[in-house]
1. Taking only the range 54-96 into account, find how many residues are surrounded by fewer than 13 Cβ atoms within 10 Å (Cβ to Cβ), farther than 22 Å from S29 by Cβ and among the acidic types (D, E).
2. On the given criteria, is D64 at pLDDT 90 or above and touching a helix residue (DSSP H, G or I) at 6+ places or on another chain (Cβ under 9 Å)?
3. Is it the case that some residue within the range 73-83 is over 18 Å from V114 (Cα atoms) and either at pLDDT below 90 or not in a loop (DSSP other than H, G, I, E, B) (or both)?
4. Do any residues in the range 130-151 that are at pLDDT 70 or above and in a helix (DSSP H, G or I) have Cβ atoms under 8 Å from those of residues that are among the β-branched types (V, I, T) and surrounded by 11 or more Cβ atoms within 10 Å (Cβ to Cβ), where the two are at least six apart or on different chains, and which pairs are they?
5. Return yes when L109 is among the aliphatic types (A, V, I, L, M), in contact with a strand residue (DSSP E or B) (Cβ under 7 Å, 6 or more places away or on another chain), part of a helix (DSSP H, G or I) and surrounded by 19 or more Cβ atoms within 10 Å (Cβ to Cβ) and no when it is not.
6. Only one of G36, G55, G12 is at pLDDT 95 or above and not hydrophobic (A, V, I, L, M, F, W, C); which?
7. Going residue by residue through the range 43-52, is there one that turns out to be more than 30 Å from E185 (Cα to Cα) and either modelled with pLDDT under 95 or not aromatic (F, W, Y) (or both)?
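The values are calculated or read from the model by the stated rules, or taken from the named source; none is laboratory data. The shown structure was predicted, so the numbers you read here are calculated from the model rather than taken from an experiment. Reconstructed Cβ throughout: ideal geometry from the backbone, glycine too, with neighbour counts over all protein chains shown.
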Amino acid sequence: MRPKRPSAMHNGLAGNSVFLVGFMGAGKSSVGRALGQRLNWIFEDLDDRIQAREGRSVAEIFRDAGESDFRRAEHAALRHVLDELQAGGSRIVALGGGAFVQKENAALLKASNVPTVFLDAPVEELWERCCTQAAQNGAERPLLRSKEQFRKLYEARRQSYAKAPLKIQTGGRPVEQIAAEIAKELGLKEIELRTEQGEVE
(Lines give C-alpha, C1' and ligand atoms only; values in the text may rest on other atoms or scores of the structure.)
Protein backbone atom coordinates (compact mmCIF):
# COMPACT_ATOMS: atom_id res chain seq x y z
CA MET A 1 0.00 0.00 0.00
CA ARG A 2 1.35 3.41 -0.96
CA PRO A 3 1.89 5.65 2.09
CA LYS A 4 -0.35 8.62 2.49
CA ARG A 5 1.42 11.70 1.16
CA PRO A 6 1.77 14.41 3.82
CA SER A 7 0.99 17.92 2.67
CA ALA A 8 3.85 20.39 2.73
CA MET A 9 1.43 23.28 3.00
CA HIS A 10 -0.47 22.70 6.27
CA ASN A 11 0.01 24.71 9.46
CA GLY A 12 3.08 24.56 11.68
CA LEU A 13 6.62 24.02 10.38
CA ALA A 14 5.68 21.77 7.47
CA GLY A 15 6.77 24.22 4.81
CA ASN A 16 10.32 24.73 6.03
CA SER A 17 11.56 21.55 7.64
CA VAL A 18 11.92 17.80 7.26
CA PHE A 19 12.94 15.44 10.06
CA LEU A 20 14.54 12.11 9.17
CA VAL A 21 14.19 9.16 11.55
CA GLY A 22 15.34 5.56 11.41
CA PHE A 23 17.85 3.06 12.71
CA MET A 24 21.61 3.51 12.48
CA GLY A 25 22.85 2.90 8.97
CA ALA A 26 19.53 3.87 7.37
CA GLY A 27 21.16 6.77 5.52
CA LYS A 28 19.78 9.73 7.48
CA SER A 29 22.95 11.82 7.18
CA SER A 30 23.79 11.06 3.54
CA VAL A 31 20.17 11.42 2.40
CA GLY A 32 19.74 14.53 4.55
CA ARG A 33 22.74 16.23 2.94
CA ALA A 34 21.55 15.31 -0.57
CA LEU A 35 18.04 16.57 0.19
CA GLY A 36 19.47 19.78 1.62
CA GLN A 37 21.37 20.38 -1.61
CA ARG A 38 18.25 19.76 -3.68
CA LEU A 39 16.20 22.23 -1.66
CA ASN A 40 18.99 24.65 -0.79
CA TRP A 41 18.23 24.02 2.89
CA ILE A 42 20.65 23.56 5.78
CA PHE A 43 21.24 19.97 6.92
CA GLU A 44 21.83 19.27 10.61
CA ASP A 45 22.42 16.11 12.60
CA LEU A 46 20.79 16.53 16.02
CA ASP A 47 23.63 14.56 17.65
CA ASP A 48 26.09 17.22 16.44
CA ARG A 49 24.04 19.91 18.18
CA ILE A 50 23.91 17.86 21.37
CA GLN A 51 27.68 17.40 21.32
CA ALA A 52 28.25 21.12 20.77
CA ARG A 53 25.87 22.06 23.59
CA GLU A 54 27.32 19.52 26.01
CA GLY A 55 30.98 19.94 25.04
CA ARG A 56 31.54 16.19 24.69
CA SER A 57 30.70 13.33 22.37
CA VAL A 58 27.53 11.26 22.53
CA ALA A 59 29.62 8.25 23.60
CA GLU A 60 31.16 10.30 26.42
CA ILE A 61 27.75 11.48 27.62
CA PHE A 62 26.49 7.89 27.73
CA ARG A 63 29.66 6.71 29.48
CA ASP A 64 29.94 9.53 32.04
CA ALA A 65 26.31 10.47 32.72
CA GLY A 66 24.18 7.59 31.43
CA GLU A 67 21.37 7.34 28.92
CA SER A 68 18.84 9.31 30.98
CA ASP A 69 21.07 12.41 30.93
CA PHE A 70 21.66 11.99 27.21
CA ARG A 71 17.91 11.75 26.54
CA ARG A 72 17.32 14.95 28.51
CA ALA A 73 19.99 16.72 26.46
CA GLU A 74 18.52 15.28 23.28
CA HIS A 75 15.02 16.51 24.08
CA ALA A 76 16.34 19.98 24.95
CA ALA A 77 18.26 20.13 21.66
CA LEU A 78 15.20 19.05 19.68
CA ARG A 79 13.04 21.67 21.37
CA HIS A 80 15.69 24.30 20.59
CA VAL A 81 15.76 23.32 16.90
CA LEU A 82 11.98 23.57 16.66
CA ASP A 83 12.03 26.99 18.34
CA GLU A 84 14.59 28.18 15.78
CA LEU A 85 12.51 26.85 12.89
CA GLN A 86 9.44 28.59 14.27
CA ALA A 87 11.36 31.84 14.02
CA GLY A 88 12.21 31.22 10.36
CA GLY A 89 14.69 29.44 8.11
CA SER A 90 14.59 26.01 6.49
CA ARG A 91 16.32 22.86 7.61
CA ILE A 92 16.69 19.10 7.18
CA VAL A 93 17.27 17.45 10.57
CA ALA A 94 18.48 13.90 11.13
CA LEU A 95 17.54 12.40 14.50
CA GLY A 96 19.61 9.83 16.34
CA GLY A 97 18.41 6.23 16.20
CA GLY A 98 16.76 6.40 19.63
CA ALA A 99 15.32 9.92 19.47
CA PHE A 100 11.98 9.21 17.78
CA VAL A 101 11.46 6.21 20.07
CA GLN A 102 11.20 8.55 23.06
CA LYS A 103 7.53 9.39 23.48
CA GLU A 104 8.14 13.00 24.52
CA ASN A 105 10.17 13.63 21.33
CA ALA A 106 7.58 12.00 19.08
CA ALA A 107 4.84 14.05 20.77
CA LEU A 108 6.83 17.26 20.34
CA LEU A 109 7.31 16.60 16.62
CA LYS A 110 3.66 15.70 16.15
CA ALA A 111 2.49 18.84 17.94
CA SER A 112 4.84 20.93 15.77
CA ASN A 113 3.26 19.41 12.66
CA VAL A 114 6.63 18.79 11.01
CA PRO A 115 7.03 16.27 8.17
CA THR A 116 8.76 13.21 9.62
CA VAL A 117 10.22 10.64 7.25
CA PHE A 118 11.17 7.09 8.26
CA LEU A 119 14.17 5.82 6.30
CA ASP A 120 14.32 2.03 6.37
CA ALA A 121 16.37 -0.81 4.90
CA PRO A 122 16.73 -4.56 5.52
CA VAL A 123 18.46 -5.14 8.84
CA GLU A 124 21.25 -7.12 7.14
CA GLU A 125 22.07 -4.11 4.99
CA LEU A 126 21.93 -1.77 8.00
CA TRP A 127 24.42 -4.02 9.80
CA GLU A 128 26.80 -4.09 6.84
CA ARG A 129 26.64 -0.31 6.40
CA CYS A 130 27.37 0.32 10.08
CA CYS A 131 30.28 -2.12 10.12
CA THR A 132 31.75 -0.47 7.03
CA GLN A 133 31.35 3.01 8.50
CA ALA A 134 32.91 1.96 11.81
CA ALA A 135 35.89 0.43 10.00
CA GLN A 136 36.39 3.59 7.96
CA ASN A 137 36.20 6.16 10.76
CA GLY A 138 37.38 4.06 13.68
CA ALA A 139 34.39 5.06 15.80
CA GLU A 140 33.45 2.81 18.69
CA ARG A 141 29.85 1.61 18.36
CA PRO A 142 28.90 -0.77 21.19
CA LEU A 143 25.86 -2.04 19.27
CA LEU A 144 28.14 -3.54 16.63
CA ARG A 145 29.58 -6.04 19.08
CA SER A 146 26.64 -8.37 18.58
CA LYS A 147 24.67 -8.82 15.37
CA GLU A 148 21.82 -10.44 17.29
CA GLN A 149 21.56 -7.51 19.72
CA PHE A 150 21.65 -5.14 16.75
CA ARG A 151 18.75 -7.01 15.14
CA LYS A 152 16.70 -7.10 18.35
CA LEU A 153 17.09 -3.36 18.92
CA TYR A 154 16.16 -2.62 15.32
CA GLU A 155 13.01 -4.73 15.58
CA ALA A 156 12.05 -3.09 18.89
CA ARG A 157 12.52 0.44 17.56
CA ARG A 158 10.96 -0.14 14.16
CA GLN A 159 7.44 -0.04 15.63
CA SER A 160 8.05 3.55 16.73
CA TYR A 161 9.69 4.57 13.46
CA ALA A 162 6.69 3.22 11.56
CA LYS A 163 4.51 5.91 13.15
CA ALA A 164 6.18 8.51 10.92
CA PRO A 165 3.73 9.68 8.19
CA LEU A 166 6.10 8.83 5.33
CA LYS A 167 8.26 5.72 4.93
CA ILE A 168 11.04 5.54 2.34
CA GLN A 169 13.11 2.45 1.53
CA THR A 170 16.84 3.13 1.21
CA GLY A 171 18.06 -0.42 0.68
CA GLY A 172 20.20 -0.77 -2.45
CA ARG A 173 19.21 2.66 -3.76
CA PRO A 174 21.30 5.71 -4.75
CA VAL A 175 21.20 8.58 -2.27
CA GLU A 176 20.10 11.11 -4.90
CA GLN A 177 17.17 8.94 -5.91
CA ILE A 178 16.00 8.70 -2.32
CA ALA A 179 16.33 12.46 -1.80
CA ALA A 180 14.35 13.13 -4.97
CA GLU A 181 11.57 10.80 -3.81
CA ILE A 182 11.27 12.56 -0.46
CA ALA A 183 11.07 15.97 -2.13
CA LYS A 184 8.40 14.69 -4.50
CA GLU A 185 6.32 12.97 -1.82
CA LEU A 186 6.37 16.07 0.39
CA GLY A 187 5.71 18.45 -2.49
CA LEU A 188 8.88 20.44 -1.80
CA LYS A 189 10.30 22.73 -4.45
CA GLU A 190 13.76 21.76 -5.63
CA ILE A 191 16.37 24.14 -6.98
CA GLU A 192 17.88 23.28 -10.36
CA LEU A 193 20.73 20.83 -9.96
CA ARG A 194 23.52 21.17 -12.52
CA THR A 195 26.13 18.63 -13.46
CA GLU A 196 29.75 19.53 -14.03
CA GLN A 197 28.86 19.92 -17.72
CA GLY A 198 26.26 22.50 -16.76
CA GLU A 199 23.28 20.33 -17.61
CA VAL A 200 20.17 20.57 -15.47
CA GLU A 201 19.34 17.23 -13.85
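1. Result for the range 54-96: 2.
2. no
3. Checked against the condition, which is being over 18 Å from V114 (Cα atoms) and either at pLDDT below 90 or not in a loop (DSSP other than H, G, I, E, B) (or both), the range 73-83 yields at least one hit.
4. Taking only residues 6 or more apart or on different chains, the pairs are F150/V123; R151/V123.
5. When the stated conditions are applied, L109 passes them.
6. Being at pLDDT 95 or above and not hydrophobic (A, V, I, L, M, F, W, C) holds for just one of G36, G55, G12, which is G36.
7. yes
Okay, residues lined up against (1) touching a residue at least 40 places away in the same chain (Cβ under 8 Å); (2) more than 18 Å from I168 (Cβ to Cβ):
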residue	(1), (2)
S30	yes, no
R49	no, yes
S57	no, yes
R63	no, yes
L82	yes, yes
R91	yes, yes
G97	yes, no
F100	yes, no
A111	no, yes
